[in-house]
Amino acid sequence: MERPLSVIVAGGGTAGHIEPALAVADALRRRDPAIRVTALGTQRGLETKLVPERGYPLELIPPVPLPRKPTADLLRLPGRVLASMRRTREVIDAVQADVIVGFGGYVALPAYLAAGRGATRRRKVPVVVHEANAMAGIANKIGARVAARVLAAAPNSGVRSRGRADAEVVGIPVRSAITTLNRAALRAQAREHFGLPAGGPVLLVFGGSQGARSLNEAVSAAAPQLTAAGVSVLHAHGPKNTLTLAGLHEPAKYIAVPYLSQMALAYAAADAVVCRSGAMTVAEVSAVGLPAFYVPLPHGNGEQELNARPVMAAGGGRIVADAELTPKYVIDEVIPLLLDSDRLAAMGRAAAGAGHRDAADEVARIVLEVAGRE
């Protein structure tokens, strides 16, 4: 009898790397509960909290941050890479890994390099690379050179398999609690959970785990007009931020919390969203079929806007520049949409159609295929 398949998922640091990795881990377990999944991470990332909560073993390696500019850290990079590769090889040998699935970031790079050279220098471990962002990062561009399969959330991400013009587009793996969410069935329970009114439209506002000041200021300043129009708000402002709310028509309709630990319930309670457009956010919001006002980060390489463009093109959302999200925009654009049930329903259907709800299962199938077990 064949021993159970052993898979390493490498995606640490931020939730955008960790959540797709865990979604694929869950999908592999659904296919075969005997599959051994080991997560690779570092002590400094969110994986130290998220991975154990989901019931998977976590093996730690030294972090390899990639300097964006020529600094002294660049000189230390080769030594850090070698140390992290050595530790990664130890993990590969210990768990007898059959395949590695990488999701980019500073955890994935050592895994790609260690697998490509062979864990024990006697064999190579096949690699599957998944790129969640619209613009590929350095780690995944390097990993694609040794990968058996290269997958991406969207076309033209800049990462490709050997011999292919582009990566295979599969979408972003999203946890089953989101892809199977029945918002209508959970609506009443979700609103009761957050203390929201049972009737009327609800606007969900969040800017990631730390919040977003521009979103906080624009929406909270329009709070009197929102509540006067009959719109309730569930606003996650971030643990280090506070909101100034004054002149509310009905204070009970504006629920402000530091953080949302029950995102599935938050989605079920809502009718529309104002949020950033990180890759995981766009994937989850579109998967549950919520119309969204996506406000990309105003700095960086512009990938957040690219993440939201397919949903916008399908009619499931709008892209709003950070500087253009003002209280007036909320009053003139967000409130009218929330009061138009037909437009909301149409945008929700378009958003759901733009997503890839089966991405986690598709990646799991490809992993098994690469490992020769499909």
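The values are calculated or read from the model by the stated rules, or taken from the named source; none is laboratory data. Note that the structure is predicted; figures quoted are calculated from it, not measured. Counting neighbours? That spans all protein chains shown, and the Cβs are built from the backbone with ideal geometry, glycine included. Keep in mind that these areas ignore ligands, DNA and RNA; they rest on the heavy atoms of the full protein, side chains included. Shrake-Rupley method; radii C 1.70, N 1.55, O 1.52, S 1.80 Å.
Within region 30-40, is even one residue polar (S, T, N, Q) and at pLDDT 85 or above? Yes, some residue in region 30-40 is polar (S, T, N, Q) and at pLDDT 85 or above. What pairs can you find where one residue is in region 175-191 and within 19 Å of ARG30 (Cβ to Cβ) and polar (S, T, N, Q), the other is open to solvent by less than 50 Å² (accessible area, probe 1.4 Å) and part of a loop (DSSP other than H, G, I, E, B), and their Cβ atoms are less than 9 Å apart, with a gap of 6+ or different chains? From residues that are within 19 Å of ARG30 (Cβ to Cβ) and polar (S, T, N, Q), the pairs are THR179/VAL288; THR179/GLY355. Number of residues in region 30-41 that are open to solvent by 10 Å² or more (accessible area, probe 1.4 Å), farther than 17 Å from VAL125 by Cα and either under 12 Å from the mean Cα position of the chain (by Cα) or not acidic (Asp, Glu) (or both): the value is 4. Among the residues of region 277-302, those identified as over 18 Å from PRO20 (Cα atoms) and of a type outside the set (A, V, I, L, M, F, W, C) are GLY289, PRO291, TYR294, PRO296, PRO298, HIS299, GLY300, ASN301, GLY302. Residues in region 233-258 that are surrounded by 21 or more Cβ atoms within 10 Å (Cβ to Cβ), under 17 Å from HIS193 (Cα atoms) and without any contact (Cβ under 8 Å) to a residue 40 or more places away in the chain: VAL233, HIS235, ALA236, TYR254.
Filtering region 210-260 to residues that are part of a loop (DSSP other than H, G, I, E, B), under 18 Å from THR326 (Cα atoms), small (Gly, Ala, Ser) and over 21 Å from the mean Cα position of the chain (by Cα) leaves ALA222, ALA229, ALA246, GLY247.
Those helices (runs of 4 or more DSSP H) of region 267-370 in which 3 or more residues are open to solvent by 40 Å² or more (accessible area, probe 1.4 Å) occupy 303-314, 341-354, 359-370. Out of ALA346, ALA272, one residue alone is under 19 Å from the mean Cα position of the chain (by Cα) and at pLDDT 95 or above. It is ALA272. Is there a residue being assigned to a helix (DSSP H, G or I), open to solvent by 10 Å² or more (accessible area, probe 1.4 Å), modelled with pLDDT under 95 and closer than 21 Å to ALA279 by Cβ anywhere in region 54-62? No, the conditions are met nowhere in region 54-62. In region 11-29, of all residues being at pLDDT 95 or above and among the aliphatic types (A, V, I, L, M), the one that is surrounded by the most Cβ atoms within 10 Å (Cβ to Cβ) corresponds to ALA21. The set of residues in region 178-209 that are loosely packed, with under 14 Cβ neighbours inside 10 Å and part of a helix (DSSP H, G or I) comprises ALA184, ALA185, ALA188, GLN189, GLU192.
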